[in-house]
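The values are calculated or read from the model by the stated rules, or taken from the named source; none is laboratory data. All values derive from a computational prediction rather than experimental measurement. Cβ placement follows ideal geometry from the backbone for every residue including glycine, while neighbour counts extend to all protein chains displayed.
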Amino acid sequence: MQLKDVEVFIVAPPPPGWGGRYWLIVRVTTACGITGLGEVYAAAVGPKAMQAVIEDVFARHMEGENPENIELMSRRVWSSGFTQRPDPTAFGAFSGLEMACWDILGKARERPVWALLGGRMNDRVRAYTYLYPEAGKERASFWVDGPAQAEAAAARVAEGWTAVKFDPAGPYTIRGGHAPAVSDITRSAAFCGLIRAAVGDRADLLFGTHGQFTPGHAIRLARAIEAHDPLWYEEPIPPDDIAGLAEVARATSIPVAVGERLCGKLEFAAALRAGVRIVQPALGRAGGIWEGRKIALLAEAHGAQIAPHLYAGPVEWAANVHLGVACPNLLMVEAIETPFHEALVTGRPKVEEGFVTAPTAPGLGIELNDALARAQAYGGTGLHLQMQEAPCDWKNGNAFAGGAAD
């Protein structure tokens, strides 16, 4: 087999846009006509520029290559431009293309991708969800309304979910890390208490942040929520501060989780050495499925678990599930369940009572609805996710809008 062509779809989910403003989905085709799907996560340049990067990475490092040679292609991209260091733009582009190679290989061998990663370790994969407002009831106040979040948590647990994530700790800004407002800390502790009271011991609480804080202030926040026993404390400080990450991990009993913004196994290795005990690779940025498997092995060697991150579309979701099926140290995978995710691809793994059954179809087991993808093509100028420029508001309070596009 030889890789021949790539097609890029820039798809905008309808409002409120859970999963980001747009999704970068790639379809790779071999010379013998086998196709594979992949997805690139949250590029730092606009979608048209990123499409050019994806096409360049494919033409420069992958076109004409056997899709089996994933390690070789990965090393080419990692070393491109005399870099050999994390580059979320180029390596992120490769991440989506790499997923497509696994999809092709699974189809060629008539086996699901997990069967090519060491086989099925988990018959079912545990899933978790963010606390989102009910469809048609979206309102800005939901993100700062503790009773409403607790009600949503109780509803999700009644559906069978065993873990819910929420983020009441204020804005993520270009000025991070910062000191949170006292009201942010008070709200965070109150949310934890209300949600714990609503779900009891039927579900884990996943406390999300987005790298907002300095190490000292992250520790202040951790102490305020520890009594409610969250399962993890997610990305409390900016991703490059490894010494600060170690400081936070030593200071709290809550397991620290990071990974959404990390690129490549070496960044994850540094985080694990700093005391992180839950790694959250976004496979569309971290290097793809094979790099994700390496990250899982590194985590296992450090007594840590893996919980693949998702704030994207249904292709990265499928890749996460296949990786999760193969990993003995899987904790859970993040899920986003919307009608648009369901409609955009056929064969998407589904969450049923909080778990996903190991897929059985060849490859990733999904096919893109081209007509819908083209009908929902993104035409805006914003990035998939954007950080605010305004500082934390220490006087009037803050609100994180759940990643909504607008």
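What to note about this one:
- Counting only helices (runs of 4 or more DSSP H) that fall entirely inside the stretch 89-201 and contain at least 3 residues that are touching a residue at least 24 places away in the same chain (Cβ under 8 Å) and closer than 25 Å to ALA286 by Cβ, the qualifying elements are 90-109.
- Just one residue in the set ALA59, ALA100, ALA52 is out of contact with any helix residue (DSSP H, G or I) (no Cβ under 8 Å at 6 or more places or on another chain), within 30 Å of GLU353 (Cα to Cα) and aliphatic (A, V, I, L, M); that residue is ALA100.
- ALA312 vs. criteria crowded, with 24+ Cβ neighbours inside 10 Å, among the aliphatic types (A, V, I, L, M) and outside any helix (DSSP H, G or I): yes
- Only one of the listed residues (ALA158, ALA152) is buried (at least 18 other Cβ atoms within 10 Å of the Cβ), small (Gly, Ala, Ser), modelled with pLDDT of 95 or more and over 20 Å from the mean Cα position of the chain (by Cα). That residue is ALA152.
- For beta carbons closer than 8 Å, sequence separation of 6+ or different chains, a first residue in the stretch 250-279 that is touching a residue at least 60 places away in the same chain (Cβ under 8 Å) and part of a loop (DSSP other than H, G, I, E, B) and a second that is aromatic (Phe, Trp, Tyr) and surrounded by 24 or more Cβ atoms within 10 Å (Cβ to Cβ), the qualifying pairs are LEU262/PHE268; CYS263/PHE91; GLY264/PHE91.
Residue by residue, here is whether (1) surrounded by 19 or more Cβ atoms within 10 Å (Cβ to Cβ); (2) modelled with pLDDT under 95; (3) in contact with a strand residue (DSSP E or B) (Cβ under 9 Å, 6 or more places away or on another chain) holds:
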site	(1), (2), (3)
HIS322	yes, no, yes
ALA335	yes, no, yes
GLY347	no, no, yes
GLU353	no, no, no
GLY365	yes, no, yes
LEU368	yes, no, yes
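- Selection status of SER95, under 18 Å from TRP317 (Cβ atoms) and either modelled with pLDDT under 95 or in contact with a helix residue (DSSP H, G or I) (Cβ under 8 Å, 6 or more places away or on another chain) (or both): yes
- Residue match in the stretch 221-229 (condition: surrounded by 24 or more Cβ atoms within 10 Å (Cβ to Cβ) and in contact (Cβ under 8 Å) with a residue 40 or more places away in the chain): yes
Yes/no matrix, rows are residues, columns are (1) within 22 Å of the chain's Cα centre (by Cα); (2) surrounded by 19 or more Cβ atoms within 10 Å (Cβ to Cβ):
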| position | (1), (2) |
| --- | --- |
| TRP78 | yes, yes |
| ILE104 | no, yes |
| MET121 | yes, no |
| TYR130 | yes, yes |
| GLU134 | yes, no |
| LYS165 | yes, yes |
| ARG175 | no, no |
| VAL182 | no, no |
